[in-house]
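If you scroll down you'll find the structure; I have some questions about it.
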Amino acid sequence: ILSTPIVSRWCDKRSVMICAMAMMSLGHLCLAVLPQRLDLAFICIGFLPYFGMGLSGGVLWSMIADSVDYADLRIGCRAEGACYGAAIFSQKIAFAVGGALTGLMLAGVGYRPDTTQSAEALRGIYHLVGFVPGVLMLLAAGAAVAYPLSARTMLDIRLALESRRYLAGAVAEPRTTS
C-alpha cells in the first residue's frame, strides 16, 4: 500500500489497477504450476500477488471517490455514504460467500482436517490457491479495462464541479486547465 502513491504518480488509477490485478494473477498462476518443492521460488513468486493486492487496495478507494465526483457532475447529487456503504457491504457479502465457497471447494478436492493430506487433496489445494484466484484476477483486470475515468477525465470533472460550486457561491474562483 505504501508504494501506491509513488506508482500512481507515473500511471493513472486504471493502469495501476490493471497492473495490480495482472501481478496478482501472474503470481497465483505461477504458484499453481511450480513444483511444490521449490520453496524459495514459491516464496518469491508469492510476493507478486501480495504486492499487487497492496496496490489495488490503495487505488480502489480513490476510484470510488472518482465515481462519486462523476455521479455528482452527472446527476447533481453527492452520494459518498451510499457509494462507500455499498462497497463495504459488497465486501462483507464477498467475504461470507468466499468463506463458504472455500470450505466447499476444500471438501470437493478431498481435504480432511487433522490428518495428512492425500496427493490428490494437495494437488487440489494447489489448484485452489493458484488457478482459481489467478483466473479471477484476470477477469478483474478485464473489468478494470472498462473503467472510463482517466486522469484527464477526472481533471475535467473536478474543474466542472469547482465551476458549478463557484457559480453557486460555495467556493472561491475555480482553477483553469493549462
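Considering only segment 115-158, how many residues are in a helix (DSSP H, G or I) and either within 23 Å of the chain's Cα centre (by Cα) or within 30 Å of Arg9 (Cα to Cα) (or both)?
Looking only at that region, the number is 28.
What pairs come out if I take residues in segment 123-138 that are in contact (Cβ under 8 Å) with a residue 60 or more places away in the chain and pair them with residues that are surrounded by 18 or more Cβ atoms within 10 Å (Cβ to Cβ) and not aliphatic (A, V, I, L, M) whose C-beta lies under 6 Å away, six or more apart or interchain?
Matching pairs, first to second residue: Gly130/His28; Pro133/His28; Gly134/Ser25; Gly134/His28; Met137/Ser25; Leu138/Ser25.
Scan segment 58-87 residue by residue and report those that are surrounded by 12 or more Cβ atoms within 10 Å (Cβ to Cβ), among the small types (Gly, Ala, Ser), in a helix (DSSP H, G or I) and at pLDDT 85 or above.
Selection gives Ser62, Ala65, Ser67, Ala71, Ala82, Ala86, Ala87.
With respect to Phe42, determine if the residue is at pLDDT below 85, part of a helix (DSSP H, G or I) and of a type in the set (Phe, Trp, Tyr). Quick ask: steps written out before the conclusion?
Values: at pLDDT below 85: yes; part of a helix (DSSP H, G or I): yes; of a type in the set (Phe, Trp, Tyr): yes.
Considered against the rule, which asks whether it is at pLDDT below 85, part of a helix (DSSP H, G or I) and of a type in the set (Phe, Trp, Tyr), Phe42 comes out as yes.
Let me ask something additional. Select from segment 95-114 the residues that are open to solvent by 70 Å² or more (accessible area, probe 1.4 Å) and assigned to a loop (DSSP other than H, G, I, E, B) and list them in ascending order.
Tyr111, Arg112, Pro113, Asp114
Keeping to segment 106-152, report how many residues are more than 30 Å from Val16 (Cβ to Cβ) and aliphatic (A, V, I, L, M).
Adding up the residues that qualify gives 7.
Applying the selection to segment 127-150, what residues are in contact with a Lys or Arg (Cβ under 8 Å, 6 or more places away or on another chain) and open to solvent by 70 Å² or more (accessible area, probe 1.4 Å)?
Scanning segment 127-150 gives a single hit, Val145.
Same structure again: Which one of these is part of a helix (DSSP H, G or I), open to solvent by less than 70 Å² (accessible area, probe 1.4 Å) and modelled with pLDDT of 85 or more: Met53, Met21?
Met21
The values are calculated or read from the model by the stated rules, or taken from the named source; none is laboratory data. These numbers come from a predicted model, not from an experiment. Neighbour counts are summed over all protein chains in view; Cβ atoms, including those assigned to glycine, are modelled from backbone coordinates with ideal geometry. Note: accessible area is taken over every heavy atom of the protein model, side chains too, but ligands, DNA and RNA are not part of it. Shrake-Rupley method; radii C 1.70, N 1.55, O 1.52, S 1.80 Å.
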